[in-house]
Structures are given as structure tokens and as C-alpha cells.
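What follows is one structure encoded as C-alpha cells, with my remarks underneath.
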Amino acid sequence: MVIDKPSGLAVHHAQGHDDNLTSRLQDLLHLRRERFRVAPIHRLDAGTSGAILFGKGKKTAGLLGRSLMTGGMNKRYLAVVQGVVSDARELNTPVHAKGSMKPALTKCRPLTSNGCTSLIELDLITGRQHQLRQQLAEAGWPIIGDHRYHQKSTLTSGRILLHCCFLAFPDPVNGNLVEIDCALPESFVTAVKKLGSATRGLLEFLP
């Protein structure tokens with residue numbers, strides 16, 4: 001199952017997140033009289049929107065999880081960041097993960113910039129927690145709306161401007177490549193519009 005997760009909805013149950021995507025999907029399968037247990041194969045932060053893959057049943061979840069661990073899954077994101085990203089590059093700074101610093105790799109490509117903010121495309125090569133948010137903030141291009149890693153920003157968007165727009169993974173049954181495009185939600189576009197002159201010229205480049 002590939003789900004288009006809205007911004008503001010957590011993937012897992014946690015304190016303050018009794019309503020979460022995994023519970024909603026489990027309830028849906030119960031209504032359908034399907035006895036599968038669902039499990040997210042990768043994660044999206046609560047504020048991030050976009051495509052997230054779930055496995056139905058232990059066997060399928062295991063196969064998809066192994067594909068993720070061996071690099072068989074491609075994940076692409078769109079983000080609006082503060083600052084000017086002028087050329088494509090790799091971000092390879094280590095990030096905090098599970099109590100220590102872990103190596104991490106992201107490929108970054110600018111789509112457009114207006115001298116104040118930039119619209120960029122990101123390919124997540126490793127999958128550390130908060131990897132994109134940490135690496136972009138350290139590079140001097142924090143994601144707009146990310147108050148955890150962009151505490152000094154004067155730009156308030158109403159949501160973090162980060163969206164998972166593409167997933168590709170092998171079908172666990174036949175091995176065929178599955179490719180999923182996930183359009184930007186209206187909440188993302190509305191948040192960009194609210195920033196006014198700070199994001200002038202970016203809207204026409206939004207897919």
C-alpha cells in the first residue's frame with residue numbers, strides 16, 4: 001500500500017499522536033475484513049507530506065524492508081529552503097541518529113531560486129531520521145517551516161515545506177519496478193503563497 005500522507009499526521013502511535021496513519025490503515029483493513037497487519041517500510045516526519053510505503057502482512061513487509069536496507073528503493077523529495085542553491089551537489093555530512101553520528105548521503109538539485117529562497121529536488125540515498133532537515137540546515141539552506149532545525153527563521157509557512165513526491169521499489173511478488181508519483185498537496189502550495197515576496201517566482205515551477 002502506498003499512501004499519500006498529509007502534513008500534520010504522524011505515521012506511528014506516540015505521545016500526542018493517538019490518531020496516526022498506521023492506526024487509520026489498520027482500521028480500514030478491519031472494515032474490509034482483511035486480517036493483515038500493516039507496517040510502514042520507511043518513515044516520514046509528522047510535518048512532512050507525501051508518499052509512504054506500507055507492507056500488508058509480515059512476509060511482504062519483510063521483503064520490502066530488505067529492499068529498503070539494500071538500496072533497492074528510491075525516494076525523491078521537493079523542498080523550499082531559505083537561501084540560494086545554485087548548483088547540483090551531494091550532501092554527505094553525518095547526522096545525529098540513535099544517539100550517535102551516522103554517515104548520510106543526499107543528492108540535491110536546484111529547480112529555481114529567487115535570491116531569497118530556493119525550490120530544490122532531493123534524492124535520499126541513505127535514510128537517517130531527520131536526514132534532509134539536518135543536512136540542509138547545516139549547509140545553510142534550512143527548510144522553511146522547520147522550526148526544530150531553523151529556529152532563527154523569520155519565515156513562517158504554517159507547515160514544513162517538504163514533500164515526498166516519488167517512490168520506486170521492486171514489487172515483492174514479481175520483482176517488477178513500481179514507480180509512484182505523488183502530487184504536491186494544496187496545503188504545500190497555500191503555504192508557499194502565504195510567504196509572498198519571499199517565494200516570488202517559485203510557484204510557476206511547482207509541479
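Computed from the coordinates by the stated procedures, all read-outs in this text should not be read as laboratory data. The structure displayed is predicted, hence computed values, not measured ones. Cβ sites come from the backbone with ideal geometry, for glycine too, and all protein chains shown count toward neighbours.
Label sites at residue 88 and residue 4, each approximated as a point 7 angstrom past Cα along Cα to Cβ, lie 2.8 nm apart. Comparing 121, 34, 179 in a Gaussian network model of the chain, where Cα atoms under 10 Å apart are tied by springs, the biggest mean-square fluctuation is seen for 34. Sites listed here are trypsin sites (Lys or Arg not before Pro) in segment 36-135 whose DSSP assignment is loop and whose Cβ has at most 10 other Cβ atoms within 10 Å: 98. Restricting attention to the chain, close to 95% of DSSP beta bridges with both partner residues there are antiparallel. Between residue 29 and residue 147, the C-beta separation translates, for a Förster distance of 30 Å, into a calculated FRET efficiency of about 0.30.
The alpha-carbon of residue 5 sits under 19 angstrom from the alpha-carbons of these aspartates and glutamates, leaving out residues fewer than 8 places away in its chain: 18, 19, 27, 45, 121, 123, 146, 179, 181, 186.
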